[in-house]
Each structure stands twice: as C-alpha cells, then as structure tokens.
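Colleague: Supplied in structure tokens, the structure appears directly below.
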Amino acid sequence: MNNIFIGKPNDPDLNKQIGTAIYNGSPTSMAEFKAAVEQRLPGDIELFETIRQPAYIDHNVYLGGAQAFDQEQTTIQQTEWQAKLKASVQKSTVGLQINIPPELIDFLVPIQDTESLGKVRLADADFENRDGSEVRIDEDINRDKNASLRIAGPINQLKPGMNQLKFSGF
C-alpha cells in the first residue's frame, strides 16, 4: 500500500523483479483464500502449502517499467517515465534526486491504520504500537504528518519534476 516502485525503461527482465507483479495469481482476501482451500478438500496441511497467501496491494505508483499486481484496483503506471533516481550518502546525510510525474502529486492515498490493516493472520491480533495504542501510518520520512490523505511513497514534500532532497540524522 502507498509505495513508489521504480523500474528501468526498456529493461523487461529487470522490471519483472521490480514492483508487485510477483503476486499475480494470489487471492486478494482471506475469504478468497479459504474458498480456494475448501475447493481442494479433503486434505491436511498440504492444502495450505499449495495455495498462495492473500495479497493486499493497492494505491501504488509504478514508474519506468516496474510491474503492478494484476488485481490492484488503484494505481499510477507510467512505463516510460524516467525517474532519474540517484542516492548519495555522506556521513549521516542521505541525498536523493528523483524526477516525479505531475500525476503522482494528485494521486492521494489513504492513511493506513489499525482498522485498515485488519488482523495479523495467524495470531488474529490487531496491528498496534508497542504501548497497545492503535497504529496510524501518517508520517513521512521527515515526520511530516497529514490528516487523512497523502501522496504515495515516504516523502510528502515531493513536487512535479526534478526533486533534490537531503535527509540527516540517520
């Protein structure tokens, strides 16, 4: 949910490994997963080993040939976009250069929280903070918060075109 995947235009072999397409063929809900198991009854543990686990994938951005999960409902896919991604590290400062398409700025994604994340599958537990409070993933890498929607990826202050960013304190 809410990620940016960057491939390399005109490199289909590499791009098969970038993004979420590896989940193609996976069920998209626990109900769908259980129905697939029930169709194969009778059996034992091997039933669960032969069926892919559910994949919860949505609101992602795929640039430069990165491949999307074929069941994803809400995406931006720009195969030929040149992200021109470069990262550098000097002491405790990380530099990032990235070219952002204008459509990404208007592609607002929902904040993920305890309710939207659902239950941890095997433990049937809620996603929660260490102190037991509800999880709310509403901060970017700089701890910039948004009320209810934000752009995809870990950086809220992106703008269309070339971005030059620095992060320190890592």
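Colleague: So if I check each of Leu108, Leu96, Leu122, Leu104, which one is closer than 24 Å to Phe167 by Cβ, open to solvent by 80 Å² or more (accessible area, probe 1.4 Å) and of a type in the set (A, V, I, L, M)?
Modeller: Numbers: Leu96 fails: open to solvent by 80 Å² or more (accessible area, probe 1.4 Å); Leu122 fails: closer than 24 Å to Phe167 by Cβ; Leu104 fails: open to solvent by 80 Å² or more (accessible area, probe 1.4 Å).
Leu108 is the lone residue from the list that is closer than 24 Å to Phe167 by Cβ, open to solvent by 80 Å² or more (accessible area, probe 1.4 Å) and of a type in the set (A, V, I, L, M).
Colleague: On to the next question. In region 1-97, which strands (runs of 3 or more DSSP E) lie fully inside it and hold 1 or more residues that are of a type in the set (A, V, I, L, M, F, W, C) and closer than 23 Å to Ile111 by Cα?
Modeller: 4-6, 60-63, 75-78
Colleague: So in region 98-125, with the set limited to residues that are in a strand (DSSP E or B) and under 18 Å from Gln53 (Cα atoms), which one is modelled with the highest pLDDT?
Modeller: The selected residue is Ala125.
The values are calculated or read from the model by the stated rules, or taken from the named source; none is laboratory data. Fair warning: this is a prediction, and the values are worked out from it, not measured in the lab. Positions of Cβ are generated from backbone atoms using ideal geometry, with glycine treated the same way; all protein chains shown enter the neighbour counts. Note: areas computed on protein heavy atoms with side chains; ligands, DNA, RNA excluded. Shrake-Rupley method; radii C 1.70, N 1.55, O 1.52, S 1.80 Å.
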